1. Would you mention how many residues in segment 41-55 are surrounded by fewer than 18 Cβ atoms within 10 Å (Cβ to Cβ), at pLDDT below 95 and in contact with a helix residue (DSSP H, G or I) (Cβ under 7 Å, 6 or more places away or on another chain)?
2. If you check residue 38 against the conditions, is it more than 19 Å from residue 113 (Cα to Cα), part of a helix (DSSP H, G or I), within 17 Å of the chain's Cα centre (by Cα) and modelled with pLDDT of 90 or more?
3. Please find, within segment 154-177, the residue that is farthest from residue 13 (Cα to Cα) out of those that are surrounded by fewer than 16 Cβ atoms within 10 Å (Cβ to Cβ) and touching a residue at least 24 places away in the same chain (Cβ under 8 Å).
4. Among the listed residues 188, 168, identify the single one that is part of a loop (DSSP other than H, G, I, E, B) and at negative phi.
5. Counting only residues that are surrounded by 14 or more Cβ atoms within 10 Å (Cβ to Cβ) and outside any helix (DSSP H, G or I), how many does segment 56-88 have?
6. With respect to residue 181, determine if the residue is modelled with pLDDT of 90 or more, touching a helix residue (DSSP H, G or I) at 6+ places or on another chain (Cβ under 7 Å), surrounded by 13 or more Cβ atoms within 10 Å (Cβ to Cβ) and part of a helix (DSSP H, G or I).
């Protein structure tokens, strides 16, 4: 009973994998290049936002908890931490406006489901690589994928996917996922009549 529910990273894995299947299904049936561009842009933006922005949220939360060990944090200190972590993402490319310092205050995950944002990042990166495996193996991939989901909370993430022949400590596995993202960008560039990524 205690282990029957999927931990957050794998719950997000199921939904993100489903989104990837749906996107590919829609792209395969679409004949209008403009709609294909819209679908690809939406999926690429979603992947980038999840792997980078959600990571910023996780780093904010990590800093917040580490500083909280030394005493209470004021709202202005939280605003400063939020600003500094977001600044690392945006650099000098995006000019953040003053009220954005309060951006942390509308994200309820920080209170109700600590480190929930990490699960989005983990799931997105995992799905990028799992989907590559699915494209390569076809129907033979399905039992391994179902086994990952069926394990519930009975194993660590590393042990769960190891059963499917995946090593989370292998940098090549994670690179495999970003290669998939590169392929999506190349597909978009081809539709737009541009060259592919190097």
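The values are calculated or read from the model by the stated rules, or taken from the named source; none is laboratory data. What you see is a predicted model; the values in this text were computed from it and never measured. Here the Cβ positions follow ideal geometry from the backbone for every residue, glycine too, while neighbour counts run over all protein chains shown.
1. 2
2. no
3. Per the stated criteria, the residue is 154.
4. Step by step, each of 188, 168 is checked, and only 168 is part of a loop (DSSP other than H, G, I, E, B) and at negative phi.
5. Residues in segment 56-88 being surrounded by 14 or more Cβ atoms within 10 Å (Cβ to Cβ) and outside any helix (DSSP H, G or I): 1 in total.
6. When the stated conditions are applied, residue 181 passes them.
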